[in-house]
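What follows is a short report on a single structure.
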Amino acid sequence: MDSAEIRRRWIDFFVKRGHAEIPSASLIASDPTLLLVNAGMVPFKPYFLAEEPPPAPRATSVQKCVRTPDIEEVGKTTRHGTFFQMCGNFSFGDYFKEGAITYAWELLTTPVAEGGYGLPPEKLWITVYQDDDEAEAIWRDKIGVPAERIQRLGKKDNFWSMGVPGPCGPCSEINYDRGPAYGEEGGPAVNGERYLEIWNLVFMQYERGEGTSKEDFEILGDLPSKNIDTGLGLERLATVLQGVDNLYEIDTSRMILDKAAELTGTVYGKDHRTDVSLRVVTDHVRTSLMLIGDGVTPGNEGRGYVLRRIMRRAIRNMRLLGSTVPTMETLINTAIEAMGPQYPELVTDAKRILAVATGEEAAFLQTLRTGTGILDNAIESAKSKGSTTVGAAEAFQLHDTFGFPIDLTLEMAAEQGLSVDEEGFRRLMSQQRANAKADAKAKKTGHADVSAYRELLDAAGRPEFTGYRETTSEGV
Ligand code: ATP
Ligand code: MG
Ligand code: MG
Ligand code: MG
């Protein structure tokens, strides 16, 4: 079942059950506390907080999401993308636990021929919050899930809250057992790769009070009206329904992965490092497309920096795969082909999107070229002294003057059998930070005249290196 069909069935199912269909909001959150929309419920926050009346008692959507904290997982786990689509159904004081659980089970297990997703019930494992006897009883007694496939988890995984004071409540997650090829048995409580989390049901039923952490806070009492917020990862369900290993191989991603392999002359599925890089490129190109599509432009702050970081990681991984020429135009075009049928505005806006992406690529390739020359010199000089370490000063200068990321310095030195004085590098970094702080403090007491500059620089991030000739840097 392709992604478009998964989405269609989702909306059909919930619209038939009285839900208002709400189109995805832009990734640029209107919520000032958030940089980017990271869950399906974000556009509905004012209704959950009872700041505005909801447009309908029940709603459904397929929301574009970006989760930058998951960036390190990309390509390494089988299930995390920086961009993904969250299918959701929401109840604002309408149905509650039993309704949400019954709908979820029905949609997942109804045979494909009858409009559902046709998942075998015996492959589904349930988690509930440790104290939520009510949810467990519904799964066991009403739905008929055997008790041994229902597990209890603590606050960290199965309790949701938003703000203080604000709504909170237990969650219940539905996980799909992908079998022994994905590791040891024992359920989602012990193995998240084998028991793939596909759907999270949040039961907002309490009012949260003060606390010291995400796991330690006071419950003030019951909410006047109880709400439902659920989220199913479209890409995760596609992974299961398309019988592929991971979400970078599903229909809307695989084209990008194949194109990256073609452009670099690499083969997917032979070598772990190559595979991880190909998946990172696949994910990051898709995310870059969706961010630029919603109007984000690369920069040194906020969302612009998120986009810049993601694009640079994609380009760096293309380089690791052996590419030295610009590839973004081809890759973004492929991503538009993959995502265009579901987001036609990407097709109409292709020219602008491509211009933003190729502009950023050109700037970064220039940085890479300059930095690479300087690093090569540093490596040569280390070798000629019989040393196997690139000095901290060189690594720091590359970072500070040329915007050359330290992980890249590490990688490129390693390729030539050298290490980098990382400890020294970190020392120089913290020294620089300490100096900046001292400057700022001096400014407050009226003793410095340059700290305003420093603060500006720190707030905006380092300016990009614009070319070899424009620098006045010493010792280059
Ligand atoms: P995980 O534990 O796997 O990181 P999560 O518990 O953080 O997932 P939720 O916040 O519950 O995820 O989000 C609801 C659903 O969205 C998840 O059940 C999953 O299907 C999907 N999802 C969450 N994060 C990602 C991601 N990075 N990439 C793809 N899908 C995701
Ligand atoms: Mg997560
Ligand atoms: Mg989870
Ligand atoms: Mg979850």
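Could we say that A335 is buried (at least 21 other Cβ atoms within 10 Å of the Cβ) and farther than 24 Å from Q416 by Cβ here? Yes, satisfied. Filtered by the rule that a residue be in a loop (DSSP other than H, G, I, E, B) and loosely packed, with under 15 Cβ neighbours inside 10 Å, segment 10-25 gives G18, P23. In the set (1) crowded, with 22+ Cβ neighbours inside 10 Å; (2) touching a strand residue (DSSP E or B) at 6+ places or on another chain (Cβ under 9 Å), V285 fails one condition alone, (2). Filtering segment 75-134 to residues that are under 30 Å from M290 (Cα atoms), more than 16 Å from ligand 1 (Cβ to nearest atom) and touching a Leu at 6+ places or on another chain (Cβ under 7 Å) leaves only G116. Restricting the first member to segment 414-430 and to residues that are farther than 19 Å from E380 by Cβ, and the second to residues that are assigned to a loop (DSSP other than H, G, I, E, B) and open to solvent by 70 Å² or more (accessible area, probe 1.4 Å), no beta-carbon pair is closer than 9 Å while six or more apart or on different chains. Inclusion of T82 among residues that are of a type outside the set (G, A, S), within 16 Å of ligand 3 (Cβ to nearest atom) and within 16 Å of the chain's Cα centre (by Cα) is not warranted. The criterion of being within 16 Å of ligand 4 (Cβ to nearest atom) and within 24 Å of the chain's Cα centre (by Cα) does not hold for D31.
Here's the yes/no breakdown for (1) assigned by TED's automatic domain parsing to the domain that holds G233; (2) away from ligand 4 (no atom under 15 Å from the Cβ); (3) at pLDDT 95 or above; (4) of a type in the set (F, W, Y):
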{"position": "K123", "(1), (2), (3), (4)": "yes, yes, yes, no"}
{"position": "E134", "(1), (2), (3), (4)": "yes, yes, yes, no"}
{"position": "D141", "(1), (2), (3), (4)": "yes, yes, yes, no"}
{"position": "K155", "(1), (2), (3), (4)": "yes, no, no, no"}
{"position": "N158", "(1), (2), (3), (4)": "yes, no, no, no"}
{"position": "G163", "(1), (2), (3), (4)": "yes, yes, no, no"}
{"position": "E197", "(1), (2), (3), (4)": "yes, no, yes, no"}
{"position": "L201", "(1), (2), (3), (4)": "yes, no, yes, no"}
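Screening D31 with (1) in a loop (DSSP other than H, G, I, E, B); (2) in contact with a Ser or Thr (Cβ under 7 Å, 6 or more places away or on another chain); (3) acidic (D, E) gives one miss only, at (2).
As for segment 318-325, it holds at least one residue that is assigned to a helix (DSSP H, G or I) and buried (at least 24 other Cβ atoms within 10 Å of the Cβ).
For Q151, the stated conditions do not hold, so it cannot be described as part of a strand (DSSP E or B), away from ligand 3 (no atom under 13 Å from the Cβ) and either of a type in the set (D, E) or in contact (Cβ under 8 Å) with a residue 12 or more places away in the chain (or both).
Pairs linking a residue in segment 157-172 that is farther than 12 Å from E210 by Cα and small (G, A, S) to a residue that is open to solvent by less than 10 Å² (accessible area, probe 1.4 Å) and within 15 Å of ligand 3 (Cβ to nearest atom), with Cβ atoms under 6 Å and 6 or more positions apart or on different chains, are S172/V128; S172/L201. In segment 157-167, the qualifying residues are those that are under 23 Å from the mean Cα position of the chain (by Cα) and within 16 Å of ligand 1 (Cβ to nearest atom), and the one that is surrounded by the fewest Cβ atoms within 10 Å (Cβ to Cβ) is D157.
I'm trying to understand the selection: among the residues of segment 168-195, which are within 12 Å of ligand 4 (Cβ to nearest atom) and either among the charged types (D, E, K, R) or open to solvent by 10 Å² or more (accessible area, probe 1.4 Å) (or both)? Once the filter is applied, which keeps residues that are within 12 Å of ligand 4 (Cβ to nearest atom) and either among the charged types (D, E, K, R) or open to solvent by 10 Å² or more (accessible area, probe 1.4 Å) (or both), segment 168-195 yields E173, P188, G192. Is it true that V306 is open to solvent by 10 Å² or more (accessible area, probe 1.4 Å), touching a residue at least 24 places away in the same chain (Cβ under 8 Å) and touching a Ser or Thr at 6+ places or on another chain (Cβ under 6 Å)? The answer is yes for V306.
The values are calculated or read from the model by the stated rules, or taken from the named source; none is laboratory data. As the structure is a prediction and not an experimental result, all values here were calculated from the model. When we count neighbours, we look across all protein chains shown, and the Cβ atoms used for this are built from the backbone with ideal geometry, even at glycine. Side chains included, ligands, DNA and RNA excluded: accessible areas come from the protein's heavy atoms. Shrake-Rupley method; radii C 1.70, N 1.55, O 1.52, S 1.80 Å.
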